[in-house]
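Working notes for the structure below.
None of the figures in this text is laboratory data; all of them are computed from the coordinates on show. Because the structure is a prediction, the values reported are computed rather than measured. Cβ placement follows ideal geometry from the backbone for every residue including glycine, while neighbour counts extend to all protein chains displayed.
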Amino acid sequence: MLAAFLLTAVLAAGCGFGKEQEARTNLEFTVVDEERLPEELKKLVNDKKEEVFKLTYADGGYLYLCVGYGKQETGGYSITVNELYATENAVCLDTNLIGPKETEAQGENPSYPYIVIKTPFVDKTVVFD
C-alpha cells in the first residue's frame, strides 16, 4: 500500500501564531538517515537537495517530513527539530540549520544538509515554520 504525495505547504501565518493558540499535541518522530529512506523518497530528496526544499511523503502508514537547506559551501552543518506537533487542522514542523563551529573541521567540499522526520501518518496539512 504505497501512497505518495507531495505537499509544499507554507502558510504565511504559520502554526500557532494567530491571536489564539490552538490546542496542540506533540508528535513522536524518528530522524531517518539516507540509507533507510524509501527508494522513491531518496530519489526525490537527491533531485531537490541543491536548493532549499520542504516536502512530505507518505508510505506504509508513515508520514515523512523533509526539510533541505540547499547547497552550503562547506560541511559541518547540523539541523535541529525545534517542534513537531499537531493541531486540529495541521501538522507543524519547525527546524533550524546550525552552522559549523569554527573549531570543527569543515572540509573544502560543499554539503547539502537536510533532515527527514518519520512519524505515524496523519491526514492533515503540513506547515513548515
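Numbers at a glance
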{"item": "Kirkwood-based shape ratio for region 65-129, expressed as Rg/Rh from alpha carbons", "result": "1.09"}
{"item": "Extended-chain gain in nm, criterion 0.36 nm per residue less alpha-carbon gap, Glu51 and Ile98", "result": "15.2 nm"}
{"item": "Three-way shape call for region 34-99 based on the alpha-carbon gyration tensor, with the a/c threshold at 1.5", "result": "oblate"}
{"item": "Candidate aspartates and glutamates - alpha carbon under 19 Å from Lys124, same-chain residues fewer than 8 apart omitted", "result": "Glu22, Glu28, Asp59, Glu83, Glu88, Asp94"}
{"item": "Taking region 26-121 and dividing mean pair separation by its residue count, relative contact order in percent (alpha carbons under 8 Å, at least six apart)", "result": "38"}
{"item": "Inter-site label distance for Lys124 and Val81 at 7 Å from Cα along Cβ, in nm", "result": "1.5"}
{"item": "Neighbourhood net charge (13 Å Cβ-Cβ; Lys/Arg +1, Asp/Glu -1) for Gly61", "result": "-1"}
